[in-house]
Amino acid sequence: MAKTFNRREALIFGIGGVGVFALTANGANAQDQTELTFWTVRLNTPELQAALLPILAQFEAEHPGIKMVNEPVSGSLVYPKFLTAVRGQLMPDIAEAYSYHPLQFAAIDQMAEMDDIIADWDADGRLADIVNEFAYRKFFWHDHYWGVPYNLDPRAIFYRRDILDAKGIKPPTNWDEFRDAAIACHDPDNGVFGLVFPAGNFHIAQHFYMGFMFQAGGSILDKDGNLVFGTTAREANIQALVYLTDFHTKHHVTPEGIGSYNTDDAHTIFAQGRAAFGMATGRLLGQIKKENPDLVERTGILETLQGPKAKLTAGFYNPMFVWKYSPNVEAAKTFVRWFIQPGRLEPVYDAVPGQHWPIFKSEFNTPRVQQDRLLGEMLQKVIPYTTDFAYPGTGVPEMGVIDGEKLFAAPVNEVVVGTKTPEQAVDDAHKAMAEVFAS
Amino acid sequence: MSNRRAFFAYYLILPSLVLIVLLNLYPLIEGIIVSMQNQNMMRANQTAFVGFKHYDRALFQSIDFWGSLGRTVVWTAGSVAGAYLVGLSLALLLNMQIRGRGFFRALFLIPWVVPEVVTALLWKWCYSDEFGIINFLLARVGLLEKPIPWLSNPDIAMPAVIVVQVWKLYPVMTIVLLAALQNVPNELHEAASIDGAGVWQRLRYVTLPLIRSASVIITMLGAIWTFQNFDIVYLLTGGGPADATQILPTLVYEKAFWALEIGYASALGVLILICLMVMSVLYLLVYRSQAQAEPA
């Protein structure tokens with residue numbers, strides 16, 4: 001005879017069933033599999049996700065005891081997401097994100113030290129294979145490494161080979177040649193600007209100033225991490241600011257509205273074939289291929305300019321980091337070690353050409369690069385000269401706020417729209433940066 | 001019996017009350033507490049009590065707050081005044097016996113239903129110096145020789161973003177004012193006409209006094225909505241150029257999520273709340289006086 005349940009018994013069984021399901025579904029399953037949460041901020045688009053997931057599946061196949069749970073995080077919501085996670089102590093075991101994050105999270109005691117991974121890389125030669133020592137030195141703060149670099153986001157100057165050829169101008173290699181070439185190529189009657197760059201009050205727009213700053217011998221910090229933007233580096237930083245903004249205010253070779261441009265606006269103008277030179281992120285390369293393929297053959301990437309003091313450009317080495325309070329720190333580091341290896345991310349680089357770049361020199365000569373002139377030009381002419389915000393020293397958490405608050409975008413924006421002189425703009429930006437250090 | 005009915009009513013509203021407390025009151029109290037803590041996400045001692053330090057910084061030490069408050073007032077007043085004028089004009093037109101009145105009513109509502117993010121992106125394209133339709137059309141009819149940098153000129157950027165908010169806000173003004181206009185007895189217009197009043201005199205001495213209550217209420221509500229609006233300015237200009245459109249909500253966002261100064265941002269948020277409470281009290285007072293002034 002079938003037993004019937006009354007309402008109370010049914011409720012108890014129901015709650016019990018849900019409880020059993022919850023216990024078995026939270027990672028503590030019967031196979032004792034370690035579950036690692038992995039937040040991806042830079043690898044968050046559908047194309048990049050499609051390239052990433054097979055890599056994660058390969059890791060799981062090689063490490064049967066570890067299951068990866070990937071969550072893409074919107075770049076524009078990165079701080080709200082991480083800050084909420086810190087407050088709720090629900091940080092991911094591993095994350096890849098923007099340059100400044102590991103030190104900022106280290107400053108509030110959330111990051112696991114990564115010294116052992118750096119030591120391993122030093123021993124096996126991987127550290128020497130990294131393009132630039134600042135790629136990892138910028139994650140060194142208070143005697144420890146808090147993140148490790150895994151890919152690169154460079155800033156470069158694209159140019160129109162056909163326009164320069166028609167004018168009989170060789171690709172410029174220094175400040176004087178570049179200025180003269182931009183002026184010579186400016187042809188408003190035919191809808192071509194000499195130069196386009198973003199000068200808006202936006203986060204990424206400021207990174208182009210950084211490159212010129214380094215070329216002039218300036219910087220934001222000194223080698224000990226002290227703020228020198230408006231003190232010992234003031235003259236060089238003003239020189240760079242004047243050089244950059246003169247293209248708009250004095251030479252008048254840029255679009256009228258660059259004071260409101262973010263990177264996308266500058267990319268669009270160049271991809272439409274309406275600028276002889278364009279300052280851009282690597283993403284422009286993929287945009288030209290997709291939106292205006294006829295322009296690919298007519299486009300080149302300039303050798304990093306030799307400035308008055310140095311031949312450097314800005315590039316952002318994106319980090320991976322591990323949460324200090326993860327119950328699986330060692331497993332998380334196992335994944336980081338496995339993930340950051342020459343050749344491992346080729347599918348990612350292939351998915352969105354130009355958006356992400358390798359950090360190992362041994363990845364410069366792959367078949368993918370050999371078959372693509374522009375990739376080769378970027379890797380040979382730009383990537384070796386990329387350096388990061390910490391130059392010429394190691395990183396400090398305050399730089400994340402200085403970058404986030406767009407404190408070195410402000411001088412470019414203010415001079416371009418005519419509200420301040422370069423000297424005032426640099427001095428005011430220094431004051432604002434000093435407030436961040438004093439906060 | 002009546003007590004039991006009252007208890008039953010409380011019982012019914014309990015779920016909503018719990019939700020309101022959880023979703024509104026708790027964050028509000030938490031925000032006030034955080035505004036008195038260090039809560040700098042770059043520093044270790046986050047929960048350290050700092051009293052009114054952040055308020056002191058906002059009100060007496062930094063120029064951020066007062067500058068942004070001034071711009072917020074301009075942004076709010078410009079948007080509400082513009083939207084009211086457009087809304088009133090359209091309401092007067094739609095109140096006339098014209099063909100396709102229903103169609104136009106629906107048409108004019110479109111900006112109201114477009115999400116703010118879409119609105120901002122749409123207008124960003126319209127304002128673009130190189131590929132925007134406004135400059136294109138002005139150049140086409142010969143009014144422009146070179147593009148106007150709508151969003152990169154500090155003198156033009158604020159009026160430009162106000163126009164967008166006017167576009168977003170006028171439909172609700174139109175609807176409310178149209179409803180009020182339809183309650184104005186036609187006999188009054190006829191009597192005024194017989195007495196020799198012209199169109200403007202009828203508008204000034206008959207129509208406007210009779211829709212004053214609706215006008216006050218909708219402009220006060222519009223001011224409250226606009227004062228705390230974040231999306232349009234942030235997406236169009238990011239607060240630039242050179243801080244020309246940095247209003248209080250964008251300042252709070254920047255301080256909280258880029259500067260990581262959650263404590264200071266919370267203090268700014270509380271100050272915004274105080275401004276909004278003042279506006280709300282004014283609104284309630286005006287609403288009450290209007291209600292009392294209404295003929296029975």
Exercise for the section: Please specify each residue of segment A:232-276 satisfying the condition of being within 24 Å of residue A:181 (Cβ to Cβ), within 13 Å of chain B (Cβ to nearest Cβ) and outside any helix (DSSP H, G or I). Expected result: A:252, A:254, A:255, A:256, A:257, A:261, A:272, A:273, A:274, A:275
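Yes or no, residue by residue, for (1) surrounded by fewer than 13 Cβ atoms within 10 Å (Cβ to Cβ); (2) in contact with a strand residue (DSSP E or B) (Cβ under 9 Å, 6 or more places away or on another chain); (3) closer than 30 Å to residue B:114 by Cα:
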site: B:183; (1), (2), (3): yes, no, yes
site: B:186; (1), (2), (3): yes, no, no
site: B:192; (1), (2), (3): no, no, no
site: B:204; (1), (2), (3): yes, no, no
site: B:222; (1), (2), (3): no, no, yes
site: B:235; (1), (2), (3): no, no, yes
Handout entry: Filter result (acidic (Asp, Glu) and either farther than 11 Å from residue A:157 by Cα or surrounded by 24 or more Cβ atoms within 10 Å (Cβ to Cβ) (or both)) within segment A:271-310
Key = A:291, A:294, A:297
Handout entry: Every pair of residues 6+ apart whose Cβ atoms lie under 8 Å, when the first sits in segment B:28-46 and is more than 10 Å from chain A (Cβ to nearest Cβ) while the second is assigned to a loop (DSSP other than H, G, I, E, B) and among the small types (Gly, Ala, Ser)
Key = B:36/B:51; B:37/B:48
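Tell me which residues, restricted to segment B:240-287, are more than 25 Å from residue B:38 (Cβ to Cβ) and within 13 Å of chain A (Cβ to nearest Cβ). Step through it out loud before you land on a result.
Here is the first cut: in segment B:240-287, the residues more than 25 Å from residue B:38 (Cβ to Cβ) are B:240-245, B:247, B:276-287.
Residues satisfying the conditions are B:240, B:241, B:242, B:243, B:244, B:245.
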Handout entry: Filter pass, residue A:336 being in a helix (DSSP H, G or I) and either hydrophobic (A, V, I, L, M, F, W, C) or over 30 Å from residue A:34 (Cβ atoms) (or both)
Key = yes
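Being in a loop (DSSP other than H, G, I, E, B) and of a type in the set (A, V, I, L, M) is the filter here; which residues of segment A:57-82 pass it?
Hit for segment A:57-82 is A:73, nothing else.
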Handout entry: Residue ranges of helices (runs of 4 or more DSSP H) in segment A:366-427 with at least 1 members more than 14 Å from chain B (Cβ to nearest Cβ)
Key = A:367-370, A:373-377
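Pick from segment A:88-114 the residues that are part of a helix (DSSP H, G or I) and under 22 Å from the mean Cα position of the chain (by Cα): which of them is surrounded by the fewest Cβ atoms within 10 Å (Cβ to Cβ)?
If we filter segment A:88-114 for residues that are part of a helix (DSSP H, G or I), which is where we start, we get A:88, A:101-107.
With the extra rule that they be under 22 Å from the mean Cα position of the chain (by Cα), the set shrinks to A:101-107.
Working: A:101: 25, A:102: 29, A:103: 27, A:104: 28, A:105: 27, A:106: 24, A:107: 22.
Only one residue tops the list, namely A:107.
Per-residue answers, yes or no, for (1) closer than 25 Å to residue A:149 by Cβ; (2) crowded, with 18+ Cβ neighbours inside 10 Å; (3) modelled with pLDDT under 95:
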| residue | (1), (2), (3) |
| --- | --- |
| A:23 | no, no, yes |
| A:28 | no, no, yes |
| A:31 | no, no, yes |
| A:37 | yes, yes, no |
| A:40 | yes, yes, no |
| A:44 | yes, yes, yes |
| A:51 | yes, yes, no |
| A:54 | yes, no, no |
| A:66 | yes, yes, no |
Practice task
Sort through A:332, A:314, A:351 and tell me the only one that's touching an Asp or Glu at 6+ places or on another chain (Cβ under 8 Å) and surrounded by fewer than 23 Cβ atoms within 10 Å (Cβ to Cβ).
Solution key: A:351
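Please enumerate the residues belonging to segment A:428-439 that are of a type outside the set (Asp, Glu), out of contact with any Asp or Glu (no Cβ under 6 Å at 6 or more places or on another chain) and either more than 9 Å from chain B (Cβ to nearest Cβ) or part of a helix (DSSP H, G or I) (or both). Please lay out each step first, then the result.
Taking segment A:428-439 and keeping what is of a type outside the set (Asp, Glu), we get A:429-434, A:436-439.
With out of contact with any Asp or Glu (no Cβ under 6 Å at 6 or more places or on another chain) added as a condition, the list becomes A:429-434, A:438-439.
A:429, A:430, A:431, A:432, A:433, A:434, A:438, listed by residue number.
Does residue A:85 satisfy being within 14 Å of another protein chain (Cβ to nearest Cβ) and assigned to a helix (DSSP H, G or I)? Reasoning before the result, please.
On the way: within 14 Å of another protein chain (Cβ to nearest Cβ): yes; assigned to a helix (DSSP H, G or I): yes.
Taking the combined requirement at face value, the residue satisfies it.
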Exercise for the section: Answer yes or no: is there a residue in segment A:210-231 that is within 11 Å of chain B (Cβ to nearest Cβ) and in contact with a strand residue (DSSP E or B) (Cβ under 7 Å, 6 or more places away or on another chain). Expected result: no
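Could you list, in sequence order, all residues of segment B:136-155 that are farther than 21 Å from residue A:201 by Cβ, of a type outside the set (A, V, I, L, M) and in contact with a helix residue (DSSP H, G or I) (Cβ under 9 Å, 6 or more places away or on another chain)? Explain how you work it out, then say what you get.
Our first condition is that a residue be farther than 21 Å from residue A:201 by Cβ; within segment B:136-155, this holds for B:136-146.
When the remaining residues are screened for being of a type outside the set (A, V, I, L, M), the result is B:136, B:140, B:142, B:145-146.
Result: B:145, B:146.
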Fill in the blank from the handout: Log entry, pairs with first residue in segment A:277-300 being assigned to a loop (DSSP other than H, G, I, E, B), second being surrounded by 18 or more Cβ atoms within 10 Å (Cβ to Cβ) and among the aromatic types (Phe, Trp, Tyr), beta carbons closer than 8 Å, six or more apart or on different chains, reads A:282/A:357
Exercise for the section: Evaluate the following for residue A:106: is it closer than 19 Å to residue A:400 by Cβ and within 14 Å of chain B (Cβ to nearest Cβ)? Expected result: yes
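Is it the case that segment B:132-145 has a residue that's small (Gly, Ala, Ser), surrounded by fewer than 19 Cβ atoms within 10 Å (Cβ to Cβ), within 13 Å of chain A (Cβ to nearest Cβ) and over 21 Å from residue B:242 (Cα atoms)?
Within segment B:132-145, the first condition is being small (Gly, Ala, Ser), and the residues that meet it are B:132, B:139, B:142.
Cutting the leftovers down to surrounded by fewer than 19 Cβ atoms within 10 Å (Cβ to Cβ) gives us B:139, B:142.
From what's left, within 13 Å of chain A (Cβ to nearest Cβ): B:139.
Among the residues that remain, those that are also over 21 Å from residue B:242 (Cα atoms) are: B:139.
Yes, some residue in segment B:132-145 is small (Gly, Ala, Ser), surrounded by fewer than 19 Cβ atoms within 10 Å (Cβ to Cβ), within 13 Å of chain A (Cβ to nearest Cβ) and over 21 Å from residue B:242 (Cα atoms).
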Fill in the blank from the handout: Of A:388, A:427, A:403, the only residue that is in contact with a Lys or Arg (Cβ under 7 Å, 6 or more places away or on another chain) and in contact (Cβ under 8 Å) with a residue 60 or more places away in the chain is A:388
Exercise for the section: Please go through segment B:238-265 and pick out each residue that is outside any loop (DSSP other than H, G, I, E, B) and among the hydrophobic types (A, V, I, L, M, F, W, C). Expected result: B:248, B:251, B:252, B:256, B:257, B:262, B:265
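So, restricting to helices (runs of 4 or more DSSP H) that lie completely within segment A:143-222, which ones have at least 2 residues that are in contact (Cβ under 8 Å) with a residue 24 or more places away in the chain and out of contact with any Lys or Arg (no Cβ under 8 Å at 6 or more places or on another chain)?
Filter on segment A:143-222 gives A:175-185, A:207-215.
Can you find even one residue in segment B:206-221 that is away from every other protein chain (no Cβ under 14 Å), under 16 Å from the mean Cα position of the chain (by Cα), within 30 Å of residue A:406 (Cβ to Cβ) and not polar (S, T, N, Q)? It would help to see each step written out before you state the result.
Filtering segment B:206-221 down to residues away from every other protein chain (no Cβ under 14 Å) leaves B:206-221.
Subsequent filtering for residues that are under 16 Å from the mean Cα position of the chain (by Cα) retains B:215-221.
Of the ones still in play, those that are also within 30 Å of residue A:406 (Cβ to Cβ) are none.
Looking for residues that are away from every other protein chain (no Cβ under 14 Å), under 16 Å from the mean Cα position of the chain (by Cα), within 30 Å of residue A:406 (Cβ to Cβ) and not polar (S, T, N, Q), one finds none in segment B:206-221, hence no.
The values are calculated or read from the model by the stated rules, or taken from the named source; none is laboratory data. These figures come from a predicted structure and were not determined experimentally. Virtual Cβ from ideal backbone geometry, glycine too; neighbours counted across all protein chains shown.
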